[in-house]
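The values are calculated or read from the model by the stated rules, or taken from the named source; none is laboratory data. Computed from a prediction, not measured in an experiment: that's the story for all the values here. For neighbour counting, all protein chains shown are included, and Cβ atoms are generated from backbone atoms with ideal geometry for every residue, glycine included. For accessibility, only protein heavy atoms count, side chains too; no ligands or nucleic acids. Shrake-Rupley method; radii C 1.70, N 1.55, O 1.52, S 1.80 Å.
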Amino acid sequence: MNETIQTQPIDGQKPGTSGLRKKTRVFMEPHYLENYVQAIFDGIGGVEGATLVVGGDGRYFNDRAIQVILRMAAANGAARCIVGQGGLLSTPAASHLIRKRGADGGLILSASHNPGGPDADFGLKYNGPNGGPATEGVTDKIFARTKDITAYKIFTATDADLETLGESTLGDLAVEIVDPVEDYAALMETLFDFNKIADLFKSGFTMRFDAMHAVTGPYATAILEDRLGAPKGTVINGTPSPDFGKGHPDPNPIWAKPLMDEMYGPDAPDFGAASDGDGDRNMIVGKGAYVTPSDSLALLAAKAHLAPGYKGGLAGVARSMPTSGAVDRVAEKLGIACYETPTGWKFFGNLLDAGKATLCGEESAGTGSDHVREKDGLWAVLLWLNILAETGQSVSEMMNDLWSEFGRCYYSRHDYEDVDVDKAHAVMDGLRVALPELAGQQVEGLTVAFADEFSYDDPVDGSHSAGQGIRIGFEGGGRAVFRLSGTGTEGATIRVYLERLESDPARLNVAPETALAPIIAAALSLSDLKARTGRDAPNVIT
Ligand code: G1P
Ligand code: ZN
């Protein structure tokens, strides 16, 4: 039976770069999830007759939320929901399914790399028919709806069976349960030389993939161990758990420390990798050689043609503004365009759709290509494996070659989390006011070459995005970028991105902290960050 429930507008904070993220208990409040789902349905112009892909990263409340979404899709007249078995779909796999099945969109349940559990985080995002995150225009409509919603529709029924593959119905809605891995794995097989990678494993090449108790476990096990023949145990923490084993499923040296310890230890495997909660981020680490996401993007751009899916070369590359300029130099040598976009994957969508860029990446461990419209953790790992199999080189040999050719972009990001919102804005405002006067100034022994606030004119649809981060460049090739996070769930997070290009062959292997020390000092002095926030040090350094 379809019911219409009267309701009231929700405290609907504007969905950020990856949908709406809140504390799980907020999503579990009476009518909260329902209101937001109805706002999405209304915001996209209704779902009458629509086909939707539904799945999430398996975190606490994933299964309950899917039952609500299915019953609301039924009551709102949707024709079909394609759901990953057990309610699981990685973000890239969902993006692929939307595209492959010609769906009208998808609802992806995840708070990405944020912890899961009743006292942790939950999230929900809508992806459009191109498989990518909702555009700014759609997001605005959804947000507007959260503020004037008065009722939602829901079908009264017992729970749908999410475990059995095949089709059932909820009222007039067809609920189709699909294997979450199958289509994705088939796509990967079209892009990469699976035989070559299998031969690499046969030759004794060793690898550790840390799925961090999150959604890529089943994907990595099926692809790396079952199809490519990597020994059992190559994938660790491979069973998705509602609280990610009480961990923080963020693939960086801090949260993936056990993997880092192994890769820097005496029995390190040849190659290490990790992925986040919903499977769109990746970390790459060789034997004793962590690869920054910015460097990984540059390396992949330089060598992608070695994989069958990219053998014709790249149309162009794109990176988010705070990502280091390493890929720019590779693109220049390849003679292809390099686009600089605001933070957030949605800005890459137009470039990918228009065929202007083939590879994209962000410093926050996101890399991807035009095969889907999201970043894709396991895809990046497979591209690395394909390149390693073709070159026969180790990770550190490849990185050293890249740095010798293009110089090394030392890079680090300092995050100041849960800062008082007013204080965080004071830091940004202070910088903003100072910007016009900064060029030419001496700070901590460096000279400011330029200072501005980044804005972006989309070359495809002409849209303009202002206020996308403050960047300060120094003479000699250094840069500091300041921006406020759009994905946090508590207070404000100030991100300070630090970068310095080193071309002296004798200084390509110093500790990044040492190489970046002058930039860090200048960034702190220019922003007056410690005094303005009362913080002595960042919470997380990646
Ligand atoms: C963060 C990352 C950004 C990424 C986003 C979604 O956003 O910095 O690169 O696209 O998560 O995964 P932020 O919190 O900085 O707004
Ligand atoms: Zn993610």
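Residues of segment 142-159 that are among the β-branched types (V, I, T) and surrounded by 15 or more Cβ atoms within 10 Å (Cβ to Cβ): I142, T146, I149, I154. Is it the case that L300 is more than 16 Å from ligand 1 (Cβ to nearest atom) and touching a helix residue (DSSP H, G or I) at 6+ places or on another chain (Cβ under 7 Å)? Against the criterion (more than 16 Å from ligand 1 (Cβ to nearest atom) and touching a helix residue (DSSP H, G or I) at 6+ places or on another chain (Cβ under 7 Å)), L300 qualifies. Under the condition of being away from ligand 2 (no atom under 16 Å from the Cβ) and assigned to a helix (DSSP H, G or I), which residue from segment 269-295 is nearest to W403 (Cα to Cα)? Filtering first and then ranking leaves D295. Filtered by the rule that a residue be away from ligand 2 (no atom under 13 Å from the Cβ) and either polar (S, T, N, Q) or closer than 19 Å to E34 by Cβ (or both), segment 107-121 gives L107, P118. Considering segment 97-123, and only residues there that are aliphatic (A, V, I, L, M) and part of a loop (DSSP other than H, G, I, E, B), the residue that is nearest to A185 (Cα to Cα) turns out to be A103. When we screen A466, A380, A389, A434 for residues that are open to solvent by less than 10 Å² (accessible area, probe 1.4 Å) and touching a residue at least 12 places away in the same chain (Cβ under 8 Å), the only hit is A380.
Would segment 60-70 turn up any residue that is surrounded by fewer than 16 Cβ atoms within 10 Å (Cβ to Cβ), more than 16 Å from ligand 2 (Cβ to nearest atom) and modelled with pLDDT under 95? No, segment 60-70 contains no residue that is surrounded by fewer than 16 Cβ atoms within 10 Å (Cβ to Cβ), more than 16 Å from ligand 2 (Cβ to nearest atom) and modelled with pLDDT under 95.
If you go through segment 494-508 and keep only what is touching a helix residue (DSSP H, G or I) at 6+ places or on another chain (Cβ under 8 Å) and either surrounded by fewer than 16 Cβ atoms within 10 Å (Cβ to Cβ) or among the hydroxyl-bearing types (S, T, Y) (or both), you end up with P505, R507.
One residue alone among A302, A318, A298, A326 is in contact with an Asp or Glu (Cβ under 7 Å, 6 or more places away or on another chain), modelled with pLDDT of 95 or more and more than 16 Å from ligand 2 (Cβ to nearest atom), and that residue is A326.
Checking each residue in segment 130-141 for being in a helix (DSSP H, G or I) and either touching a Pro at 6+ places or on another chain (Cβ under 7 Å) or buried (at least 22 other Cβ atoms within 10 Å of the Cβ) (or both) picks out only T139. Filtering segment 77-114 to residues that are in contact with a Gly (Cβ under 6 Å, 6 or more places away or on another chain), of a type in the set (G, A, S) and open to solvent by 20 Å² or more (accessible area, probe 1.4 Å) leaves only A79. Applying the criterion of being open to solvent by less than 80 Å² (accessible area, probe 1.4 Å) and not aliphatic (A, V, I, L, M) to the residues of segment 165-182, the residue that is farthest from P218 (Cα to Cα) is G171.
State whether one or more residues within segment 496-516 are at pLDDT 95 or above and within 15 Å of A424 (Cα to Cα). Yes, the conditions are met somewhere in segment 496-516. Scanning segment 115-129 for residues that are open to solvent by less than 50 Å² (accessible area, probe 1.4 Å) and closer than 22 Å to R373 by Cβ gives G123, L124, K125, Y126, N127, G128. Which residues, taken from segment 266-292, are free of Cβ contacts under 8 Å to residues at least 24 places away in the same chain and either surrounded by 24 or more Cβ atoms within 10 Å (Cβ to Cβ) or not small (G, A, S) (or both)? Within segment 266-292, P266, D267 qualify. The set of residues in segment 500-542 that are within 27 Å of the chain's Cα centre (by Cα) and part of a loop (DSSP other than H, G, I, E, B) comprises A511, A537, P538, N539, T542.
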